[in-house]
Amino acid sequence: MSSALLNSKDIKAQASRLGFVACGLAKAEPVADDVAALFHHWLELDYCGEMDYMRRNVDMRLHPDLLVPGVRTIVSLAMNFMPGNRQPAISLYAQGQDYHDVMRGRMRQLMEDMKLEGRCFVDTAPVLERYWAWKSGIGIITEEGGFVSIPGYGPTVFLGELFLLTEADHYDSPIASPPQGRMGGGVCPALTPEGLDARRCISYQTIEHRGPLPEEIRLKRTFYGCDRCLRATPQFAEAQPTDEPAFQPSEALLKMTPEDWQGLTEEQYRELFRGSAVKRAKYDGLKRNIDRWLEE
Ligand code: SF4
């Protein structure tokens, strides 16, 4: 491990050149006790539904050094995903290429450019990413939905983290207190004072859940994901279209009509969603969603 300190201004400048709209640094310490207690309580309530991975590696999620031994600094990064045009049946975040691939590629580039030692994560490891984004001062946590909202860009951002073995010359502080009280403000019954009850959430049901959709789930506008609470945050007004080509929908996706969705074949599905996060729902899951959406 290098003994030189990581220059926080340099990494922020390079992150900006690579297209990240925010970059903040936090000391790699155990997650604060009150946040850890809320997370344990959320698991006890079974609010994670079938997302069993949330129950695994809980210690690792709360102690970054168990995930990456020797980690000293956590760098939180955000990319704006707000598409210019959009296919209305699909959640805003999933209109373009799979963010895991886009973000990971850009974060690896950042580590290479800065000759950094450590690991990068995009939503695929036990990391409390919203907590680290808040702690590293890149955004606020919204009351509706608990999103991270970046000043000037709003909550339409993807998050990623670098777990680095180097200490930094400067660490950032949160720019606001976490919100207190009821999450969601009545926008959706899935948002409770104790956090998101994934089992009642359209986004969870249409993406993560396997098997038939529960009867009570109503797909309002989208059959993949749900943007209702995202749009309900006052900070959504700050969202602005990204100039990142990878997050724009293809012409073919934009042209799809309800009739086209009804007749979607597996071959068309593969072609339309090559390299897209929508593949997480698999063809059968997407057809199940489309059928319910067309019924309503
Ligand atoms: S994504 Fe939709 S269903 Fe899920 S909590 Fe938000 S508004 Fe409710």
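FYI, it's all coordinate maths here, none of it is from the lab. Please read all numbers here as calculations on a predicted model, not as lab measurements. Cβ coordinates were reconstructed from backbone atoms using ideal geometry, including for glycine residues, and neighbour counts include every protein chain displayed.
Quick notes on this structure:
- Among 230-240, 165-175, the order from most to least packed when residues are scored by Cβ within 10 Å on average: 230-240, 165-175
- Diffusion constant of segment 34-150 at 37 °C, which comes from Stokes-Einstein with the Kirkwood Cα-pair radius and 0.692 mPa s, µm²/s: 201 µm²/s
- Sorted on the mean count of surrounding Cβ atoms within 10 Å across their residues, most packed first, peptides 12-18, 101-107 read 101-107, 12-18.
- Fraction of the pair-distance distribution of segment 48-98 above 17 Å, Cα-Cα pairs, percent: 63 percent
- Each Cα pair under 8 Å and six or more residues apart adds its sequence gap; the mean of these over the residue count of the chain is a relative contact order of 25 percent.
- Here's how it looks for Leu6: its modeled amide H is under 5 Å from those of Glu167, Ala168, Asp169, which are all 5 or more places away or on a different chain.
- Modelled label reach - Asp59, point 7 Å along Cα→Cβ, segment 29-44 residues with backbone N closer than 15 Å: 30-31
- Cross-link reach is defined here as a Cα-Cα straight distance under 15 Å, omitting same-chain residues fewer than 8 places apart; for Lys255 the aspartates and glutamates meeting it are Glu271.
- For segment 44-51, backbone phi angles converted through the Karplus equation (6.51, -1.76, 1.60; θ = phi - 60°) give residue-by-residue couplings of 4, 6, 6, 5, 7, x, 8, 7 Hz, Gly and Pro being listed as x.
- Note on the chain: semi-axes of the ellipsoid equivalent to its C-alpha gyration tensor, largest first and rounded to whole Å, are 32, 23, 18.
- Taking each residue as 0.36 nm, the span from Arg108 to Leu38 lengthens on full extension beyond its C-alpha to C-alpha distance by 22.0 nm.
- Straight-distance crosslink candidates among lysines, where the alpha carbon sits under 22 Å from Lys135 and sequence neighbours closer than 8 are dropped: Lys9, Lys12, Lys27
- Thr192/Arg221 FRET efficiency (R0 25 Å; Cβ-Cβ; nearest 0.05): 0.65
- Taking Lys and Arg as +1 and Asp and Glu as -1, the other residues whose beta-carbon sits under 12 Å from that of Ile207 total +3.
- Using alpha carbons only: equivalent-ellipsoid semi-axes of segment 126-244, gyration tensor based, whole Å: 28, 16, 15
- Total formal charge among the other residues, if their Cβ is under 14 angstrom from that of Asp52, Lys/Arg +1 and Asp/Glu -1: +2
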